[in-house]
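Down below is the structure, laid out as structure tokens.
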Amino acid sequence: MARGGMSRMALRVAVTDSGDQPVLQLSDPAAANAAIFGTKAALLASLTQAGFQVPAGFAVAVSACAGLLAAYGAELPDPLRAAIRAALDAIGGGGVFAVRSSALREDSANASAAGLYQSVLDVAADAENLDALGAALRTVVSSAGGERVQAYASRLGHGENSVEPPGIVK
């Protein structure tokens with residue numbers, strides 16, 4: 001058991017654009033699309049589909065994360081809050097999480113952005129208390145605009161400000 005009596009579990013949140021669905025479970029076969037959910041989330045979804053033991057998690061649409069950055073403070077916009085609450089309920093209701101990234105161009109055969117994006121560890125959250133998760137997700141998503149991420153993207157020929165917001169919670 002981790003602090004506060006909550007079990008430690010991994011929750012992966014990949015930031016991408018999934019159309020009308022702001023949040024998609026990694027157990028959903030559609031989450032294995034790296035072009036939509038980023039390389040890390042797609043790999044985790046593929047491993048889940050293949051029957052490997054992978055920590056439960058979900059993907060969050062890039063449009064939802066853009067809304068998160070536009071919102072004031074750590075408060076999650078209502079549609080994203082409802083979708084994350086449902087996703088948490090689907091994986092047991094809460095726990096202590098690590099919020100990480102899964103940007104579309106983060107890891108590939110030609111690039112590795114290991115350590116460039118911000119990660120936030122030991123985030124306690126449940127369906128009724130999402131503020132810390134919202135703040136952590138905002139930290140991870142906003143790290144896409146960081147100097148190191150932008151410099152690496154430029155070096156790869158992607159150009160300045162070409163990196164989409166990342167996000168994984170595990």
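What follows draws every value from the coordinates through simple rules; no lab data is involved. As the structure is a computational prediction, the values presented were derived from the model and not from experiment. Note that each Cβ is placed from the backbone with ideal geometry, even for glycine, and that neighbours are counted across all protein chains shown.
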Karplus couplings for segment 139-146 from phi (6.51 cos²θ - 1.76 cosθ + 1.60, θ = phi - 60°), rounded to Hz, Gly and Pro as x?
4, 5, 4, 5, 5, 4, x, x
HN-Hα couplings for segment 122-127 via Karplus (6.51, -1.76, 1.60; θ = phi - 60°), in whole Hz with x for Gly/Pro, come out as 6, 9, 7, 8, 8, 4
If amide hydrogens are placed 1.01 Å from N in the peptide plane, which non-local residues have theirs closer than 5 Å to the one on Phe97?
Asp122, Val123, Ala124, Ala125
Suppose R0 equals 25 Å; then what is the FRET efficiency for Ala30 and Ala82 from their Cβ-Cβ distance, rounded to the nearest 0.05?
0.80
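Kindly rank 88-99, 135-146, 113-124 from highest to lowest mean number of other beta carbons found within 10 Å of each residue. Spell out each step's value before the answer.
Working: 88-99: 19.6, 135-146: 21.2, 113-124: 16.4.
Ranked by mean Cβ neighbours within 10 Å, highest first: 135-146, 88-99, 113-124.
Between Ala124 and Asn110, what length in nm is gained on full extension when 0.36 nm per residue of separation is reduced by their alpha carbon distance? Present the calculation step by step, with values, prior to reporting the outcome.
Values: separation 14, 0.36 × 14 = 5.04 nm, distance 3.51 nm.
Contour length minus the Cα-Cα distance gives 1.5 nm.
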Largest first and to the nearest Å, give the Cα extent of segment 20-61 along each principal axis.
28, 17, 13
So if each residue of separation counts as 0.36 nm, and I subtract the Cα-Cα distance between Leu47 and Ser154, what length gain in nm does that give?
35.4 nm
